[in-house]
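Heads up, the thing below is written out as structure tokens.
The values are calculated or read from the model by the stated rules, or taken from the named source; none is laboratory data. Remember, predicted model here, so these are calculated numbers, not experimental data. Please note: Cβ atoms are built from the backbone with ideal geometry, for glycine as well, and neighbour counts cover all protein chains shown. Each accessible area value is taken on the protein alone, full model and side chains, heavy atoms only, with ligands, DNA and RNA left out. Shrake-Rupley method; radii C 1.70, N 1.55, O 1.52, S 1.80 Å.
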Amino acid sequence: MAWTLDADQIPDLARGAAVLGTGGGGDPHIGALLATQALTKHGAVEVVSLAEVPADACVVMVAMMGAPTVMVEKLPSLDEVVTTVRALEPFLDGPVTHIACAEVGGVNSTIPIVAAAALDLPLVDGDAMGRAFPELQMVLPTLARVDATPMAFADDKGNTGVLTTIDNAWAERIARVACVEMGCSVMIALFPQSGAQLSQTMVAGSLSKAAAIGQTIVAARDANEDPVARAVDELAGRELFAGKVIDIERATTTGFARGRARIEGERGGMELSFQNEHLLAQVDGMVLATTPDLIIVLEHDSGEPITTEGLRYGQRVRVIAAPSDERWHSAEGLALVGPRYFGYDVDAHRFDGAREVA
């Protein structure tokens, strides 16, 4: 069912999206500011379910590409969002009719809101991952054989470009080089598709879910309940570990924020490995959870999500895991986003501790 999204709902949605973003997707605070600005200036946005999108609609995903650490200082503008979509339209069969999220994480859950508001278009209540992943081919449309290109990109200087590539992996490779040269963050519009394709390429209800998670955390705090426990229930997940951050190793390389975090607790030491998003959680060398399931870091008492670029020495945190969309656990899905793709010599581990082999 369609609903109306206004500026008052953005804090909850951004908070919940940062939870689902598994540490990546960009700074949720920046995304919330951009979305609030766009909604205040252009008015509320209509959010429609996948079933409400006409079969012949032209749906385009809008996002930021680049390292989250760079996005904190290199703020995007409303003009970049509009420019990117307009640059893509001449390469399509008709005008864009709907905007969608590529990932429901951090800034990339709110950039599409900015696009929808500025372009006066409806926004699809869904995303292409059910979480955040670091590379643009790591989406359900790739599993459904939908092309990322034609794909448009634009930077803060006014440079624009449009790619047409032989497959989605090549779109990532070429766009990543352009992204690095353009300052390690660009706005992108990609995966043009019809409304009829969405059931195969999207996780339904992602924005509604993000808003519900954000509301749950705030409601728990207001009721003097444990917001982390409430978030775990909302996600149908489990708590993995609690402790204090004692070490961070982080660097921005080839357009990604890569690194490790060490957390010390009563049960020993946990190490989180990330590439924009958390990909691997181990306690004293024993793997507890891996990509594609969600590994999420929350502030110990408030339940506020902490991004990979926001992790700091001395923070008291709790690490939780939650299930990903089941399509990611197919053999093809694990080949695309499983731990071995990222160079970890381990089998995929479900959030509940079960192991599977690609």
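Rounded if a/c is under 1.5, else prolate if a/b beats b/c, else oblate: with a ≥ b ≥ c from the C-alpha gyration tensor eigenvalues square-rooted, which is the stretch 71-127?
Here the stretch 71-127 falls in the oblate category.
So, in nm, how far is label residue 200 from label residue 312 when the simple model puts each one 7 Å beyond its Cα toward the Cβ?
Each label point is offset 7 Å from its Cα along the Cβ direction, giving 4.7 nm.
What trypsin sites (Lys or Arg not before Pro) in the stretch 282-358 are in a loop by DSSP, with at most 12 other Cβ atoms within 10 Å of the Cβ?
312
Counting other Cβ atoms within 10 Å, which chymotrypsin sites (Phe, Trp or Tyr not before Pro) in the stretch 280-352 have at most 11 and lie in a DSSP loop?
313
Once phi is turned into θ = phi - 60°, what whole-Hz ³J(HN,Hα) does the Karplus curve with 6.51, -1.76 and 1.60 give for every residue of the stretch 93-105, x standing for Gly and Pro?
Here the 3J(HN,Hα) series is 6, x, x, 5, 10, 9, 10, 9, 8, 7, 8, 9, x Hz.
In nanometres, what is the gap between the two model label sites at residue 157 and residue 262, each 7 Å from Cα along Cα-to-Cβ?
4.0
Apply the Karplus parameterisation 6.51 cos²θ - 1.76 cosθ + 1.60, with θ equal to phi minus 60°, to every residue of the stretch 273-281 and state each ³J(HN,Hα) to the nearest whole Hz, in sequence, with x for glycine and proline.
Calculated HN-Hα couplings, in order: 10, 9, 9, 6, 10, 5, 10, 8, 10 Hz.
Name the residue from 348, 26, 228 whose Cα lies farthest towards the positive end of the charge dipole of the chain, charges +1 on Cβ of Lys and Arg and -1 on Cβ of Asp and Glu.
It is 348.
What dipole magnitude, in Debye to the nearest 20, does the chain give about its Cα centre under +1 on Lys/Arg Cβ and -1 on Asp/Glu Cβ? It would help to have the intermediate numbers written out before the result.
Details: 26 positive and 48 negative charges, 120 e Å.
The calculated dipole for the chain is roughly 580 debye.
Using modelled amide H (1.01 Å from N, peptide plane; none on Pro or chain starts), what sits under 5 Å from the amide H of residue 57, excluding residues fewer than 5 places away?
Close amide H contacts, sequence-distant or interchain: 195, 196.
Counting only GluC sites (Glu not before Pro) that sit in a DSSP loop (anything but H, G, I, E, B) with at most 16 other Cβ atoms within 10 Å, what is the longest stretch of the chain containing none of them?
It runs 74-224.
What part of the accessible area of the stretch 128-280, given as a whole %, is carbon or sulfur when the probe is 1.4 angstrom?
Here carbon and sulfur together make up 47 percent of the probe-accessible area.
In 10 Å bins starting at 0, how do the alpha-carbon pair distances of the stretch 75-198 split up by percent?
Over the stretch 75-198, the share of Cα pairs per 10 Å bin runs 13, 48, 36, 2 percent.
Working only with C-alpha atoms, what are the Rg and Dmax values of the stretch 219-334, expressed in angstrom?
According to the Cα coordinates of the stretch 219-334, Rg and Dmax are 14.3, 44 Å.
Find how many whole Å separate the alpha carbon centroid of the stretch 323-347 from the alpha carbon centroid of the stretch 197-224.
24
Which one, 5, 140, 296, projects farthest toward the positive side of the charge dipole computed for the chain from Cβ point charges (K/R +1, D/E -1)?
Selected residue: 296.
Using Cα springs under 10 Å in a Gaussian network model of the chain, which residue among 343, 24, 161 shows the largest mean-square fluctuation?
Result: 343 has the largest fluctuation of those listed.
How many Å³ per residue does the convex hull of the Cα positions in the stretch 142-289 occupy? Could you put the intermediate results ahead of the total?
Working: hull volume 26.5 nm³, N = 148.
Each residue corresponds to 179 Å³ of Cα convex hull volume.
So what J values fall out for the stretch 163-179 if you push phi through Karplus, 6.51 cos²θ - 1.76 cosθ + 1.60 with θ = phi - 60°, rounded to Hz, Gly and Pro as x?
9, 10, 10, 6, 7, 6, 5, 5, 4, 4, 4, 6, 5, 5, 4, 4, 4
So, R0 is 22 Å and r is the distance between the beta-carbons of residue 42 and residue 3; what FRET efficiency does that work out to, to 0.05?
E(calc), rounded to 0.05, equals 0.80.
Counting only heavy atoms of protein chains, what accessible area per residue, in Å², does the stretch 1-125 have with a probe of 1.4 Å? Numbers along the way, then the final one.
Numbers: 4350 Å² over 125 residues.
About 35 Å² of surface per residue is accessible.
With a 1.4 Å probe and all protein chains kept in place, how much accessible area does residue 3 have, in Å² rounded to the nearest 10?
Counting only protein heavy atoms, the figure is 60 Å².
Say R0 is 41 Å: what FRET efficiency, to the nearest 0.05, do residue 212 and residue 92 get from their beta-carbon distance?
Once the sixth-power term is evaluated, E becomes 0.80.
With the other protein chains left in place, how much accessible area per residue, in square angstrom, belongs to the stretch 135-205 at a 1.4 angstrom probe?
So the stretch 135-205 comes to 39 Å² accessible per residue, rounded to a whole number.
Work out how much length residue 302 to residue 250 would gain on full extension: take 0.36 nm times their residue separation and subtract the Cα-Cα distance, in nm to one decimal.
Length difference between fully extended and current span is 16.3 nm.
Express the relative contact order of the chain as a whole percentage, based on alpha carbon pairs under 8 Å and six or more residues apart in sequence.
RCO, the chain: 20 percent.
Taking N as the number of residues in the chain, what is its alpha-carbon radius of gyration divided by 2.2 N^0.38 Å?
On the way: Rg = 18.8 Å, N = 358, 2.2 N^0.38 = 20.6 Å.
Ratio of Rg to 2.2 N^0.38 Å for the chain: 0.92.
Kindly provide the trypsin sites (Lys or Arg not before Pro) of the stretch 141-173 that DSSP labels as loop, not H, G, I, E or B, and whose Cβ sees at most 12 other Cβ atoms within 10 Å.
145, 157
What whole-number distance in Å separates the alpha-carbon centres of the stretch 9-23 and the stretch 89-132?
Cα centroid of the stretch 9-23 versus Cα centroid of the stretch 89-132: 16 Å apart.
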